[in-house]
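One structure is given here, and the rest of the page talks about it.
No value in this document is a laboratory result; all are computed from the given coordinates. Only a predicted model underlies this, so the values are computations on that prediction, with no experimental measurement involved. Glycine also receives a Cβ, built like all others from the backbone with ideal geometry; neighbour counts cover every protein chain displayed.
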4 protein chains.
Amino acid sequence: MTNWPRFNLASGPVDVTVETLRSMQRPVLYHYDPAFVEVFAHTTGLLKQVFNTGYDVVIMQAEAILGLEGAVASLVSPGDKVLNVVSGVFGKGMEDFILKYGGDPVELAVPYNAAVDPEDVRRVLRAIPGIKYLTVVHSETPSGTVNPVREICGIAREFGVISIVDTVSGLGSELLSPEDWSMDVAVAGPQKCLGGTPGLSLISVSPQAWVAMEERAEPLRGSFLSLLDWKTTWIEQQRFPHTPSVTEIYALESVLEQALREGMESLTGRHQACARAARAAVLALGMALWPESEAIATACCTAVNVPDGVTDREVIDTLRSRYGIMIAGGYGDLAGKLIRLGHMGQAAHPALVVAQIGMLERTLIDLGLEITPGAGVGAAIVAFQGWDDSTRTYPHTG
Amino acid sequence: MTNWPRFNLASGPVDVTVETLRSMQRPVLYHYDPAFVEVFAHTTGLLKQVFNTGYDVVIMQAEAILGLEGAVASLVSPGDKVLNVVSGVFGKGMEDFILKYGGDPVELAVPYNAAVDPEDVRRVLRAIPGIKYLTVVHSETPSGTVNPVREICGIAREFGVISIVDTVSGLGSELLSPEDWSMDVAVAGPQKCLGGTPGLSLISVSPQAWVAMEERAEPLRGSFLSLLDWKTTWIEQQRFPHTPSVTEIYALESVLEQALREGMESLTGRHQACARAARAAVLALGMALWPESEAIATACCTAVNVPDGVTDREVIDTLRSRYGIMIAGGYGDLAGKLIRLGHMGQAAHPALVVAQIGMLERTLIDLGLEITPGAGVGAAIVAFQGWDDSTRTYPHTG
Amino acid sequence: MTNWPRFNLASGPVDVTVETLRSMQRPVLYHYDPAFVEVFAHTTGLLKQVFNTGYDVVIMQAEAILGLEGAVASLVSPGDKVLNVVSGVFGKGMEDFILKYGGDPVELAVPYNAAVDPEDVRRVLRAIPGIKYLTVVHSETPSGTVNPVREICGIAREFGVISIVDTVSGLGSELLSPEDWSMDVAVAGPQKCLGGTPGLSLISVSPQAWVAMEERAEPLRGSFLSLLDWKTTWIEQQRFPHTPSVTEIYALESVLEQALREGMESLTGRHQACARAARAAVLALGMALWPESEAIATACCTAVNVPDGVTDREVIDTLRSRYGIMIAGGYGDLAGKLIRLGHMGQAAHPALVVAQIGMLERTLIDLGLEITPGAGVGAAIVAFQGWDDSTRTYPHTG
Amino acid sequence: MTNWPRFNLASGPVDVTVETLRSMQRPVLYHYDPAFVEVFAHTTGLLKQVFNTGYDVVIMQAEAILGLEGAVASLVSPGDKVLNVVSGVFGKGMEDFILKYGGDPVELAVPYNAAVDPEDVRRVLRAIPGIKYLTVVHSETPSGTVNPVREICGIAREFGVISIVDTVSGLGSELLSPEDWSMDVAVAGPQKCLGGTPGLSLISVSPQAWVAMEERAEPLRGSFLSLLDWKTTWIEQQRFPHTPSVTEIYALESVLEQALREGMESLTGRHQACARAARAAVLALGMALWPESEAIATACCTAVNVPDGVTDREVIDTLRSRYGIMIAGGYGDLAGKLIRLGHMGQAAHPALVVAQIGMLERTLIDLGLEITPGAGVGAAIVAFQGWDDSTRTYPHTG
């Protein structure tokens, strides 16, 4: 049997806290047990706070890809024109959903190491009439980049366009609010910066989005993909459209409690500080970041070009087999081009960043690269100047 | 805060064993960590054994309703004629899926306290040409009944009709095998007789069913509902179509190991013996079973008519609030008509049956009914003659 | 490998709640980690509330036998006269400790199915001068009896005699307070009515007892048996005399929180109601109680004479192997004479009493005894009239 | 409430593995349940393997200090001459036990940063007639040093002297065997290199030691301190002298299984490699080791002189509060003089050593010391050359 890793520092699912694990030890309740209805209602309330929203929230009962497909399936009718903003593998993937549900995709794309310029969105919306929806990825985990979703969705709203935002790994990497950011449907995941388990989709829905779903010729109802089903059952009657994943809900309740106890400002600040330290370390080791600038690097993982002389698999496999550290590589079109250092959830901490960089250094030496042992870690240590767990103070740039 | 129940004896999700809870304490792995790929492969292998099948099996990543909708969505094309065999709420519900995916449903229905006669299936298949699929529920949990699925699917196969079987609560209540029973797509749940957590769909797929999916004009691919996606990723390449629910897989692995350690013959025998004892107890208390005969009563729960003079809610709520026992009531069209005693998973044990009947007696007395205290339990105790945990010997009818 | 039991209904250690198990999942801390010092201080504070005392409390780091030996070792000097009040195996056992530490024991004994009359204590204290200590067992678990400790210790105090009380299974079976009951050193266990794990001794110490320990010619210090070591380290300096059992402390903190959330009055009322129902069931089955009267029966377990025609081992082993119920038998001089039904901790609940009596009935029938199936359970059900988990109302006698 | 640390890297108790935590989730059994007797017997068997011994082993039911006091109490009679070999705080502490039980201690001491020369032991044994016992600490955790116990005990045996060895933190830091090392009573702890929980004493006893206990004028029996009680109950009759700490035994069973799965040679090699890397890091940072030479440094923790310009509390508290790393300081006479880096149990891994050194560097900079960021980590990385988790290959010195 393969050894288990010492630390799961991949880009999701990530290792969860002991508190989260303990929450899952609660007995499995019948979903209509009054105690479970209470837990579910409590969890929904916590999710609103974590999303910082007054919008309705929906917890769909499978990993966030369900929420993304469900959002498209619930909104897009045959013939609807959809502006798909693409800056990476996940953004590109939205096109498949749009096509599957009969939509007519209009693509605005940039290279996968770049971010979209909001002004280009405005230009397209001006140029092409009749666009009804806009789809965009906030934090493009495979590329390690972020898009300026706040500006993009603001522009969409100006044009009366309903936005669908993949913020699966975005929630927790930046302070956000669906209202302030004009996001109509925002789909997040518990298993990224929140550090939870991967079996649920966390979704906020604006009133405009509900209207759009309800006003379709044939609203999507009676399906596992339906967002409306949750409106007419849970939101309106505290009933369930189908059996929820009881233990995943326990985990989510705990994960949200932990996030709120920490505070979303601290939580995002912690991720950003770790990302900055990881970038400093990588650069100090003479490696190059995959994103074209640090300004568009996501806080949830750090994408690094594979150094000359080694392959991504060599780095990843050596790190995993010799030193028990699991990190992720490139994905889809990016396979082989990059490795990704992870700092999500409880891994967003100096001890884990330092451990990871240290083991990466050891690995690169094992693979014959010439680096100065300690150089990366040293840069990270400098970058962590000002960190304080006890006061939740994290270093930030001027 | 509402007290949690002492025992969850509902009809699913049910309480899980401590061994299952412990299995979920394993650290959350990245899904492409070699250790997780190993766990997933191991779990798939165990599932084949539990299903007693050489067919491919698929573990879809949400509660069994996903598997049912996915099976219909993956198979049924617009215009396909589908014989929907209905003996209860769940059977009736299949019609919605058939319609949603463009199928043309033909209904063969019996009252919700009865089972379908296989010869009626044969008659319909003879009478109506061009039927491509048959949908049927094995164990109709809401009614506490079973259909003779083995015979029904055998007849379907004679006619070249592909069967889709909801055996969500059937797996574990009867010894079955997709091959022997001619079931093309069989969808089971971990949270019923196997006593697991509710977040996954367990599906066996016959070669004919794969062919039918692949030969559609537009095979369903790239969707959370797609069975084919699992064939082309996991089955053929040991990759995942999307992020699996890691912790649910841990639980499933453990649940399947426990089932196989016990043996499926023992597991089903244990459920059947408990169901017989529960029925004996109910009859001894002067109450009536909902199923029209004991012969068609399911082994997973015992549906009982609500006694005169009380309502289902009074019984259920008193049992829950005063004595900490959660049981289920009627569902959909059956609401208010019946209560359901639960004996699934670890609740399929004399100690729990006796505790449940005892607390039910106490409740009925509280509600003013005249029953002889101990009469129901006494009948159950007699029915348990021959039970032996240590040798896994369970009483059965001559 | 032997199957594990479905329910541990022995007379301690007993099964613990899931909440207690979960509490033990917390990471093991260094004992001088500020977070652990906080947990330990919190736990000590909770213990004072559970003991309902303003006296100092000490948590010695091993099962309650350590607390008992430690109390004697810390107090008794060579030549000290000690009145040992004996009504059972545990009371008799105190003599060994008294002798080991040089004490001069004076015995006041009654048969092991009886309780001591306080007036006899007074008579002895009057008759024999120079008695310095009195040792007495509150709840004699092996006999299923209780002594009137409140009266006995009150008399001891009148005579200036320091009392050492074994209330290992007494705490939680009766509402008590060291001050009101005049108990100088009271030793309790978490693994009885509190339903916790067995690795700790819970001790309250009166100021008089501290003085007696300190004024000895050679106070006991620097030993695992020393109570004084805890006074000079933890109580006075928040330091530890040796490494505490970190995880046991986590469990204890949780157990005490649960007890206080329930309320000690509810907790003891719950135990007493279950004991009454168990006795009613036993009598209805034609069996005899071991205690000479119900008035002196303990609330923590019900000792029953082994019925004619069977042996204690046959009953215990059949119940355990066939039905997964573990109960205890007689102990020491009582071996073979009795069996003990358990209703401690979470087992003090109608569902468990009924399950246990039901399985006992089944067992007795298996062993060839003629009993009416359901007769015992029926009597228990009647006795539970008035029980309500939701309001924590428990039936009690006039 | 104080934040919990991210990593407990103290010198015991240390953080335990998730597998160990999960083992403690098993239901609490009655100690005479056949399943528990089986677990206890299994655990005893595993302990023999971990100790690499054919001697009897005893698991006393409290932290290892009980085993040490119990060994002295069980062996030493009033007037017995005991050679106490002292090289640190724990060694010095043995004198108190010797005196308490009436022994006549003869001290052979070296400074607390040194190890004892076996030839000095021989000299004393030759010079002073009538020495019956020798007490010695193998791994002096407070000083971070080891004594050459194999040689010392070999010499004791030549002289017919019974040895009592505190190898609480020694088991797991060096490959040992009571027979080969001539240790008569060896007391180990689960909470050090084995990485377990702290509530038990693990003891191996030679036949000579049993004879010595039994041949005392008044053998110690009927006490929590008695080793003989375990011989006459568990070893001879598979009964218990008192209620064992059930959950601690579950943890120990798991801890021993993990150790044997890894192999004691790997386990000790892993600790030694981490200790070497920690020492290299410390020296690279310009700090000095407390032990007078690396040759006598223990593998379980690395004692480091407090650098000029800071206090031990400043280092420990900053590391703990800002970076969530808990390490230990000096103890007793060594308080204020040193800090101890921890690498026991699962912390004996490059990722944790690097994380710890990195956070220490950060802390020293915070406190105003001038060090080169990354210098310590770099040295550790170099020292870890050759490490491979997958093959359990660990770097060692030529």
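Tabulated data
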{"read-out": "Selection within the range B:217-234 - over 20 Å from B:THR53 (Cβ atoms), in a helix (DSSP H, G or I) and within 25 Å of the chain's Cα centre (by Cα)", "value": "B:ASP229"}
{"read-out": "Qualifying residue in the range B:244-259 (condition: of a type in the set (Val, Ile, Thr), within 27 Å of B:SER206 (Cβ to Cβ) and in contact with a Leu (Cβ under 6 Å, 6 or more places away or on another chain))", "value": "yes"}
{"read-out": "Considering residues of the range C:222-233 that are buried (at least 17 other Cβ atoms within 10 Å of the Cβ) and farther than 18 Å from C:ALA64 by Cβ only, the residue nearest to the other protein chains (Cβ to nearest Cβ)", "value": "C:LEU228"}
{"read-out": "Checking C:LEU83 against (1) under 23 Å from the mean Cα position of the chain (by Cα); (2) assigned to a loop (DSSP other than H, G, I, E, B), the condition it does not meet", "value": "(2)"}
{"read-out": "Qualifying residue in the range B:321-329 (condition: among the β-branched types (Val, Ile, Thr) and over 22 Å from the mean Cα position of the chain (by Cα))", "value": "no"}
{"read-out": "Test for D:VAL315: is it β-branched (Val, Ile, Thr), more than 8 Å from chain A (Cβ to nearest Cβ) and over 21 Å from the mean Cα position of the chain (by Cα)", "value": "yes"}
{"read-out": "Tally of residues being out of contact with any His (no Cβ under 6 Å at 6 or more places or on another chain) and either of a type in the set (Ser, Thr, Tyr) or buried (at least 20 other Cβ atoms within 10 Å of the Cβ) (or both) across the range B:297-323", "value": "18"}
{"read-out": "Given (1) in contact (Cβ under 8 Å) with a residue 12 or more places away in the chain; (2) within 14 Å of chain A (Cβ to nearest Cβ); (3) assigned to a helix (DSSP H, G or I); (4) not aromatic (Phe, Trp, Tyr), number of the condition B:VAL50 does not satisfy", "value": "(2)"}
{"read-out": "Residues within the range B:353-388 that are at the interface with another protein chain (Cβ under 7 Å from one of its Cβ atoms), under 19 Å from C:PRO350 (Cβ atoms) and buried (at least 23 other Cβ atoms within 10 Å of the Cβ), tallied", "value": "11"}
{"read-out": "Any chance B:LEU99 is within 14 Å of chain A (Cβ to nearest Cβ), in a helix (DSSP H, G or I) and over 20 Å from the mean Cα position of the chain (by Cα)", "value": "yes"}
{"read-out": "Close pairs (8 angstrom Cβ cut-off, 6 or more residues apart or separate chains): aliphatic (A, V, I, L, M) in the range D:224-236, assigned to a loop (DSSP other than H, G, I, E, B) anywhere", "value": "D:LEU225/C:PHE224; D:LEU225/C:LEU225; D:LEU227/D:LEU220; D:LEU228/D:PRO219; D:LEU228/D:LEU220; D:LEU228/D:ARG221"}
{"read-out": "Unmet requirement for B:LEU260, which otherwise passes all of (1) assigned to a helix (DSSP H, G or I); (2) of a type outside the set (Lys, Arg); (3) surrounded by 21 or more Cβ atoms within 10 Å (Cβ to Cβ)", "value": "(3)"}
{"read-out": "Residue in the range C:34-61 that is surrounded by the most Cβ atoms within 10 Å (Cβ to Cβ), counting only those that are under 23 Å from D:TRP4 (Cα atoms) and of a type in the set (A, V, I, L, M)", "value": "C:LEU47"}
{"read-out": "Selection count where residues are facing chain D (nearest Cβ under 7 Å) and of a type in the set (S, T, N, Q), scope the range C:235-259", "value": "3"}
{"read-out": "The range A:92-109, residues that are in contact with a strand residue (DSSP E or B) (Cβ under 7 Å, 6 or more places away or on another chain) and closer than 16 Å to A:PRO142 by Cα", "value": "A:LYS92, A:MET94, A:ALA109"}
{"read-out": "Members of the range D:236-257 that are buried (at least 17 other Cβ atoms within 10 Å of the Cβ) and assigned to a helix (DSSP H, G or I)", "value": "D:VAL246, D:THR247, D:GLU248, D:ILE249, D:TYR250, D:ALA251, D:LEU252, D:GLU253, D:SER254, D:VAL255, D:LEU256, D:GLU257"}
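Here is a yes/no grid of residues against (1) within 20 Å of C:MET344 (Cα to Cα); (2) in a helix (DSSP H, G or I); (3) within 7 Å of chain D (Cβ to nearest Cβ); (4) within 23 Å of the chain's Cα centre (by Cα):
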site	(1), (2), (3), (4)
C:ALA10	yes, no, yes, yes
C:PRO13	yes, no, yes, yes
C:THR20	yes, yes, no, yes
C:PRO27	no, no, yes, no
C:PHE36	no, yes, no, no
C:PHE40	no, yes, no, yes
C:ILE59	no, no, no, yes
